[in-house]
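Here is the structure we will look at.
The values are calculated or read from the model by the stated rules, or taken from the named source; none is laboratory data. None of these values were measured; they are calculated from a predicted model. Please note: Cβ atoms are built from the backbone with ideal geometry, for glycine as well, and neighbour counts cover all protein chains shown. Heads up: the accessible areas ignore ligands, DNA and RNA and are worked out on the full protein's heavy atoms, side chains in. Shrake-Rupley method; radii C 1.70, N 1.55, O 1.52, S 1.80 Å.
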Amino acid sequence: MRMVHYKNKRIVLEKREARSGKILFIVPIISFIVSLVLGAVVLAASGANPFSTYFYMARGAFGSWVGFTETLVKAIPLILTGLGVTIAFKLRFWNIGAEGQLVFGAIGTAWVMIFWTFLPVQMLLPIALLVGMTAGALWAGIAAVLKAKWGVDETLTTLMMNYIAILFAEYLYYGPWRDPDGYGFPGTKAFPREAWLPRIAGRAHWGLVIALAAAVILWFVLYKTKWGFEIKMIGLNQRAARCQGVNIQRNIILVLLVSGALSGLAGAVEVTAVQHRLMKGIDMGYGFTAIIVAWMAQLNPFAAVLVALIMAGLLVGGDQIQMMMGLPASMGLVLQGLLLFPLLAGTIFSDYRLRVVKQEEVEQCS
Amino acid sequence: MQLITTLLAVTLGAGTSLLYATLGEIYTERAGILNLGVEGMMMMGALSAFTVSFYTGSLILAIVVAMLIGGAMALIHAFLCITMRANQVVSGLSITLFGTGLASYLGQRLGPASNGKNLVGMTASSFTDYSIPFLEDIPILSAFFNQDILTYALFLIVPIAWIYMYKTRSGLTLRAVGEDPRTAAAMGISVSKVRYIYTVIGGMLVGLGGAHLTLGYTPGWSENVTGGRGWIVIALVIFAGWNPGRAIFGAVLFGGINAIQFRLQAAGTVIPASFLNMAPYIVTVIVLTVMTLLGRKKRGKFSPPAALGTSFSIEDK
Amino acid sequence: MGKETQKKTQDNVILRMSGITKRFPGVTANNHVDLSLNAGEILALLGENGAGKSSLMNVLAGLYRPDEGSIFIRGEQVQIHSPQDSMRLGIGMIHQEFMLVETMTVAENIILGMKDLPFIPLMQEVRNKITELSERYGLKVNPDKYIYELSVGEQQRVEILKLVYQGADILILDEPTAVLTPQEARDLNTIIGMMLSEGKSAIFITHKMDEVIEFSHQVQVLRKGETVAVCKTDEVTPKDLAKMMVGREILFHLERDVYKPGEVRVHVEDVSVIDQTGRAVLEHISLDLKEGEVLGIAGVAGNGQQELSEVITGLMPVTSGYLYLDERDVTGATPLKMIKNGISHIPADRSAMGVVGDMSVADNLVMKRYRKRPMSKNGILNGSVIVKFAKKMIDVFKIATPESSTRVKFLSGGNIQKTILAREIDSCGGILIAVYPSRGLDVGATEAVRKNILKQRDNRAAVLLVSEELEELMMVSDKIAVMFEGKIMGIVDARETNIEQLGMMMAGMVKESTL
């Protein structure tokens, strides 16, 4: 007679044989729902009505033309920095310095706008944008060279360089570049009107076209060109890439120049289209949100555009509820954070599945 | 002489919160977990400590709550990174995003109705400086003995932290997990458990560091009370070479720069302040570069825990 | 090991494993395997790569939990759920990759994870005990040295000391002599012998038949996760064992064209390489690779063979000396230049260096050709051309993969190697550098690899073959150079040498004049 006992049921995470594409699609949706629920808890606990809050946020960000254009205004720099971070991350280069690259780009742009008066005014804008891109590229380049030549960890260098850039900008707009007629306001004088990046709809401006074009170009480069192929190789297995003759150092630097240029462009676009000057508050945290955007989009440029729009919507929604309900705008930031936790927890399921394992014990009686 | 003593005293006061947070992050990173959520955790620690102190007047309760909050946020990070194998950089940044956002939000919702629910501008019980008789008369050194209790606690905590890490069995286990989790697991150590424990403990210390900001250093809550200190802490951990003893130098140095900058601002000059504030970040980049170059020749003294930032599973073949 | 000093003990079964089954996604590593070990005895666990030997021992060591089966120690059933359970039962395992924390000292490594130590351990006591045990078994270990300062042989001795310190009676050694010279292997033999005389027992995992014969009392052969045979070692011959291990006659001779070497394609002249820590990894190496010749490189892994291959492929810079390709000086050239000049490379570690695991089979196949037409034009890749090319290669080289777009990491080891072979041979410009090409492959795949290498040689390619298997080198090479501590001990004719001669050179003993 044989008796079978079930002992020790365990739940294990088991590696899948192939990546599940289905999961990659479902997880963000479920995460979004979970984050809304968690956010509702926070709202309710602090005495606000979750339903009306969400309603006003959604309506504010996407429900009206004005709201939507505001969302676009915030989305533009997010898209550009998101794309910048995307290309760096493809290389497994953890560029968390997008914020500083944006600021440095803004500084470069302001420099042209204010001081290159020898240029005819029609040329100011394009040159300023180019210089802004270059400035951002160079800022990222420093960390890239440190990593490529000496192996200095890039997470920490790019992080530190954010604050160097932010503080340098502070020095400039409080000090030598401050608008003499500005009554002590921490900012430069306004850029020449003719050199402003024009608007398209509401406050949304041509930066949108630039951002979308950048997304298309980046997608093409990453998925259809030799260079994109090499970037993929380096990011997924640097040693093997080297064995196949790919020049690692040169690529790290090139990719980071592009990454910094994109973030620098974000800064350039912001100051020429929205603020029209270099001023306090240029560091709005987009550079950090960009990392989240890139990661949530799983390093796909088109998805990054979509995610950037959603994140921008959360920010605009936050402003809305501040106006309509007196709730702090930072609720938008809270929701951004909450969105991430289930997402981070969920992505594991594309590579692993849950399984209940029972350990059998077979006894024989004789 | 008096100026030096004053500056030194202020430096120590400023460095206290940095040192607590740095010790916490050192322990977390020694276990192999990179926690970039320090800025958000310090904010929440600062906020919760102030709120509790404001409503209950109890400092003990305030720091306990701050530590619990810090620990809870660290627990989220630990769960995501260890059990759910998420990317540690993204997870940490999410915690910071969440923490700073939530602190800002609650700072405007938890205040008394009389102040529009805002906590800014409110006063609460805070730590006062105690001076030790006799010792307070020694020139210069008196700076060390005219501090609040959290700073005094550090005189004990830092040596204990050092002894724990290098001389005890648990410290050996911790270091092994951060250097070579595969080997640690083979020796019967539960890598996950160790990582969870030290991430949470680290978070509690970070929360405590945040509490000192609103209860000790500049009593009072304001938006952005941490002022980016969380990022400096990450730099300080590197500066300290992941050694609790060496953490003192960094915390004191950067606390000092902070203190001097405060004095300068009070004197009315803003311009040099930006460059002074830049100094910690520039120095860290330089230190990191030098250490990386040195680390090639001399192993172990300056290098980060070899497994920092990686995830680990026993059945990874 | 320790065979000479041992008395046969009857029915003194100290360890019994019964019906052990362990499954992983896609493969059953152990299928109802039984094992029995007597006290004072050495059992050899023989099988090819993938037969299930390591998996079975990992179950015993508490690293894997079996899906089915039971374990008995000294007649009593036990549950092993962790390495600590295993240690407590007196079982200790030394893995192929040592479980030592490099940045810690010997003493720290030995007490790592021990539960019955005081909270603040008294390191002097620990040091004393280490020194005492070290002398008792002839291990010669210094408790205060850092692991990274020790040689591989010394590190292995630290591992043994670790087990003994913690009171192990049953020692499991996974391919222990893979990293040792024949002399060190004999020392190990002596050490284990001393332990056996105290009543300890040992299981050692191997795929080398000659070791089984020389060192064990009993041998158990595993094949594809199942037990094929259990015999007393003096009652079997290597040929019997080989047959049991593989299931058919091993091909000991391979067809090839008459040996007629041609022009010198690669000339290595007096090359020395000193690494970052100041260690000389290559010392005054000179050799030639000729058309139509396979030059085998023998030697215990870690004596500079991989570095030599990396110098020739441009992956490692030389500190002094010259490298010539078709009489052109290419010293210091980049890997890309070497590739463009016709060098194909099958690297030592296929997953880490040979393929990008997360990219598709098609992508990996095209990694040598993507820079030029027709795969790409003006920097833009031509997707359809690439897929067509990939399908052709999959067909010709018989790579087993569901699609050309499947990620390479999901293929079996043999098929990954086939992918690499396909890529390198297809674009081979007449020079092939193959490093440990049949490592970890089953017999069928190994045969395919060797046949392909010989085919290249017959097509007048110049081939460098680095291998750990002397048998393979003797089978495939025309000439064999033996490396020891970064130097070439001698170059001999493959048909006129034997294992003893090669073995001695591998241990640094005899220097033959080059032919």
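Extension gain, A:Ile248 to A:Ile26, is 76.4 nm, computed as 0.36 nm per intervening residue step minus the present C-alpha separation. Using a probe radius of 1.4 Å on protein heavy atoms only, what is the accessible area buried between chains B and C, both sides summed, to the nearest 100 Å²? What B and C bury together is about 2500 Å².
Residues C:Asp349, C:Asp116 ordered from highest to lowest accessible area at a 1.4 Å probe: C:Asp116, C:Asp349.
Given a 1.4 Å probe and every protein chain left where it sits, what share in percent of the accessible area of chain C is carbon and sulfur?
Values: 10660 of 21860 Å².
That share works out to 49 percent.
Spatially, segment C:54-129 and segment A:202-256 are offset by 47 Å when compared through their Cα centroids.
Which whole-number value in Å² is the accessible area per residue of segment A:53-171, probe 1.4 Å?
Details: 3880 Å² over 119 residues.
Heavy-atom accessible area per residue stands at 33 Å².
Contact order, relative form, for segment A:257-342: 15 percent (alpha carbon pairs under 8 Å, 6 or more residues apart, mean separation divided by residue count). Based on protein heavy atoms only, chain C ends up with 42 Å² per residue of surface accessible to a 1.4 Å probe. Taking Cα atoms only, the orientation of helix B:169-179 departs from the longest principal axis of chain B by about 70 degrees. Ligands, DNA and RNA excluded, the heavy atoms of A:Arg59 present near 110 Å² of accessible surface to a 1.4 Å solvent probe.
Computed over chain C, relative contact order equals 15 percent, with contacts defined as Cα pairs under 8 Å that lie 6+ residues apart.
Using R₀ = 35 Å, calculate the FRET efficiency as 1/(1 + (r/R₀)^6) where r is the Cβ-Cβ separation of C:Asp326 and A:Thr225; round to 0.05. Before the final figure, lay out the partial values.
Working: r = 32 Å, r/R0 = 0.93.
That gives a FRET efficiency of 0.60.
Within the straight-line cut-off of under 16 Å between alpha carbons, the aspartates and glutamates reachable from C:Lys398 are C:Glu424, C:Asp426, C:Asp442, C:Glu447, sequence neighbours fewer than 8 places apart in one chain being disregarded.
Note on A:Ser52: accessible area approximately 40 square angstrom, rounded to 10, probe 1.4 Å, nucleic acids and ligands left out.
For the residue pairs C:Lys340/C:Lys377; C:Lys368/C:Lys392; C:Lys53/C:Lys145; A:Lys90/C:Lys409; C:Lys290/C:Lys487, the alpha carbons lie more than 27 Å apart in C:Lys53/C:Lys145. With a cut-off of 14 Å, note down the residues of segment A:117-146 whose backbone N falls inside the zone around a label point 7 Å from the Cα of A:Glu194 toward its beta carbon. Answer for this model: A:117-126.
Counting every Cα pair in the protein assembly as shown, what percent are over 60 Å apart? It would help to have the intermediate numbers written out before the result.
Details: 138138 of 717003 pairs.
Cα-Cα pairs in the protein assembly as shown separated by more than 60 Å: 19 percent.
Working from Cα pairs under 8 Å separated by at least six residues, relative contact order for segment B:1-63 is 17 percent.
Summary of the geometry: segment C:256-291 and segment B:195-225, compared by the centres of their Cα atoms, lie 61 Å apart.
Taking the DSSP beta bridges with both ends in the protein assembly as shown, the antiparallel portion is around 65 percent. Placing a label point 7 Å from the Cα of A:Met324 along the Cα-to-Cβ line, the residues of segment A:50-87 whose backbone N sits under 16 Å from it are A:50-71.
Both chains summed, the buried accessible area for B and A stands near 4100 Å², from protein heavy atoms and a 1.4 Å probe. Just report the Cα centroid separation between segment B:9-79 and segment A:308-355, whole Å. Result: 24 Å between the Cα centres.
When DSSP beta bridges are limited to those with both residues in segment C:2-246, what percentage is antiparallel, rounded to the nearest 5? Could the numbers behind the result be given before it?
Values: 23 of 41 bridges.
Bridges in segment C:2-246 that DSSP calls antiparallel: roughly 55 percent.
Model label points for C:Asn498 and B:Tyr130, set 7 angstrom from Cα along the Cα-to-Cβ axis, are 8.6 nm apart. Between B:Ile286 and C:Val78, the distance separating the two model label sites (each 7 Å from Cα on the Cα→Cβ line) works out to 5.9 nm.
Set the Förster radius R0 to 35 Å, insert the Cβ-Cβ distance between C:Ser70 and C:Glu125 as r into 1/(1 + (r/R0)^6), and round the FRET efficiency to 0.05. Present the calculation step by step, with values, prior to reporting the outcome.
Details: r = 38 Å, r/R0 = 1.09.
Computed FRET efficiency for C:Ser70 and C:Glu125: 0.35.
Each residue was assigned an accessible area with a 1.4 Å probe, and for A:Met279 the value is about 50 Å².
Connecting C-alpha atoms closer than 10 Å in a GNM of chain B, tell me which of B:Ile189, B:Ile232, B:Ile26 has the biggest fluctuation. Residue with maximal mean-square fluctuation among B:Ile189, B:Ile232, B:Ile26: B:Ile189.
For the pair A and C, the buried accessible area comes to roughly 2800 Å² in total, with a 1.4 Å probe and the value rounded to the nearest 100. For segment C:413-422, backbone phi angles converted through the Karplus equation (6.51, -1.76, 1.60; θ = phi - 60°) give residue-by-residue couplings of x, x, 6, 5, 5, 4, 4, 4, 4, 4 Hz, Gly and Pro being listed as x. Rounded to the nearest 0.05, what FRET efficiency is calculated for A:Val41 and A:Phe302 with R0 set to 45 Å and r the Cβ-Cβ distance? That pair, A:Val41 with A:Phe302, gives E of 0.85.
Counted as membrane-span-like here are DSSP H helices of chain A whose alpha-carbon atoms extend 20 Å or more along the helix's own axis and whose Kyte-Doolittle mean is 0.5 or above; these are A:21-45, A:65-90, A:98-115, A:121-150, A:154-174, A:207-224, A:248-270, A:301-325, A:331-346.
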